[in-house]
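Take a look at the structure set out below.
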Amino acid sequence: MKSTIIILLFILLMPCFTQGQGVSKKVDLLFGNELESSRKSTLSDIVGYDDNGFYAIKNFSKGLYGSNTYLTLEYFNNQMNFVKSVKIDLKKDGKVRNIEGIFQLKKKVYLLTSQRDARAKVNYLYLQRFNQKTLKLSINSKKVAAINYEGKTKRNSGDFSYTVSRDSSKVLIYYNLPYERGSEEKFGFHVYSSKFEEVWKREVTLPYKEELFEVEDFNVDNEGNAHLLGLIFKGKRKSIRKGEPNYKYQILSYSNNGQNLTEYPVEIEGNFLNDMQISVSEDQNLICSGFYSEAGTSSIIGSYFLKIDSKTKAIIQKSFKEFGIDFITQNYTAKQERKANKRAEKGKNVELYDYNLDDLILRDDGGAVLIGEQFYVDVFTSTSTNGSRITNYTYHYNDIIVVNISPQGEIEWSKKISKRQITRNDGGFFSSYVLSVVKDKLFFVFNDNPRNVALTDKSSRFVYSGGRESIVILVEVDGNGEISKEPLFSAREAEVIIRPKVCEQLKNDELILFGQRRRKQRFIKANFK
């Protein structure tokens, strides 16, 4: 009874605690003005910044079921107040181009769009720059890649992706080429400098059948070398066959302006690597890290770290570490914990399920950090009394895992951050988290149930399910793996609910939060102390 009264008092007094801005020990908060907007508009992304403010992309839906949509580029000053907005004109020669990306490079904001030439049977990728004073697009556009799909349909005209090197000196345009069932996998690379001067380009045919190869990730290093992480399936494109994993990881690296190909098969006997991200270290060696399992493809029992010598292909650093039963059962209910311990006592596998690897962060000292989150969707279909079928989707965004790896490649510690977000038929609109890296600390921000604030992490299992009574939580993880947590502000006080997936760390010490509720929208700046 006493704990219930304390929780109720906290909820009632929360606006008073946060209104003063200065409550937090870790950040200073600055609330931007309230923005009135259509319920069918929302933030798509924060794409850049300068000394005076930042640039954001807004999405507007019109017409029945939002069938008519358009985007605007908007500028907000350092007080997060609206300054200017311009509709992004995607029409060219009477046709609408498809957006492939909007990003900032060397203080300039660019737009990538694609458009098919039906007569020539070529799918073109164009580059345009935004004028950062007027926000308007440059009239002229530059062709930066092209896919010839002669003899194929427009559905088989290829697609484009891009990535930027760690030092922002190189841009890699990656594109799938049209496929034919039973033929080899084909794709293209086009590498540019930060001024979009061509460095090299190449189209490649792999010795793997298209239906037996899947691209997982791609990367360009500071020297302009391209690296591709793929899955090679055995016989059929299935994750599991006859109860066993049915694929292996392979890294393909293209150096010397794309002329030299080096293949790195990544297999560790006795462990199944079921999630991986790659990066390139300062000494040009390949970093592979992620989660592994002993049971299958949908569960994890620990984390691993590999460093591969780019010249000899030898694994020069290797580290595997199980999470352990105490880590796995952390934040379990008493019933779940008893069940897991019984399985462990009987010698059966006890693993974590449905965790996605979100980030592989390389530190300046040669170490690394892995970030993962539990995510899954429950789908339930029922039939109403009139015979119509109704499908409901329940989105689960739960605990966060943080794994720290030393400069020597050893896994030093693993931590779990308690979080339980369950919402229905909303795509997880207000769920998940935003991460900020500040010096040697990690900061996670997410929406939570206010009743969890007064509880310990072990018992922090009240569900966040959306709504105005939620609060915004800040979790700090320091270099030693120590975790601390504090409330930042309530949704009631801010009059909006933050959307972590579109929030952005712009500078080393600055995080921009965005929230909305009905017609109200607002930016909030968190400056780390």
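Taking the condition in contact (Cβ under 8 Å) with a residue 24 or more places away in the chain, farther than 22 Å from G258 by Cα and in the same structural domain as V109 (by TED's automatic domain parsing), does L212 pass? Judged against the criteria, L212 is a match.
Test I473 against the criterion of being over 23 Å from N33 (Cβ atoms), in contact with a Pro (Cβ under 7 Å, 6 or more places away or on another chain) and at pLDDT 95 or above, and give yes or no. When the stated conditions are applied, I473 passes them. Within segment 330-365, how many residues are without any contact (Cβ under 8 Å) to a residue 12 or more places away in the chain and at positive phi? Count: 1. Being within 30 Å of F443 (Cα to Cα) and among the acidic types (D, E), is that true of even one residue in segment 331-353? For segment 331-353, residues within 30 Å of F443 (Cα to Cα) and among the acidic types (D, E): present.
Do we find a residue being surrounded by 15 or more Cβ atoms within 10 Å (Cβ to Cβ), out of contact with any strand residue (DSSP E or B) (no Cβ under 6 Å at 6 or more places or on another chain) and either touching a residue at least 60 places away in the same chain (Cβ under 8 Å) or aromatic (F, W, Y) (or both) anywhere in segment 109-131? Within segment 109-131, none of the residues are surrounded by 15 or more Cβ atoms within 10 Å (Cβ to Cβ), out of contact with any strand residue (DSSP E or B) (no Cβ under 6 Å at 6 or more places or on another chain) and either touching a residue at least 60 places away in the same chain (Cβ under 8 Å) or aromatic (F, W, Y) (or both).
Listed by position, the strands (runs of 3 or more DSSP E) contained in segment 243-329 that have at least 1 residues being surrounded by 15 or more Cβ atoms within 10 Å (Cβ to Cβ) and of a type in the set (D, E) are 272-280, 315-322. N260 meets the conditions (1) outside the structural domain of Y110 (by TED's automatic domain parsing); (2) more than 29 Å from F320 (Cβ to Cβ) in every case but one. The failed one is (1). Apart from one condition, M80 fits all of (1) in contact with a strand residue (DSSP E or B) (Cβ under 6 Å, 6 or more places away or on another chain); (2) in the same structural domain as S169 (by TED's automatic domain parsing); (3) assigned to a loop (DSSP other than H, G, I, E, B); the exception is (2).
For segment 199-213, name all the residues that are of a type in the set (D, E, K, R), in contact with a strand residue (DSSP E or B) (Cβ under 6 Å, 6 or more places away or on another chain) and surrounded by fewer than 15 Cβ atoms within 10 Å (Cβ to Cβ). The answer is E203, and nothing else.
The values are calculated or read from the model by the stated rules, or taken from the named source; none is laboratory data. Quick caveat, the model's predicted, so the values are computed rather than measured. Cβ coordinates were reconstructed from backbone atoms using ideal geometry, including for glycine residues, and neighbour counts include every protein chain displayed.
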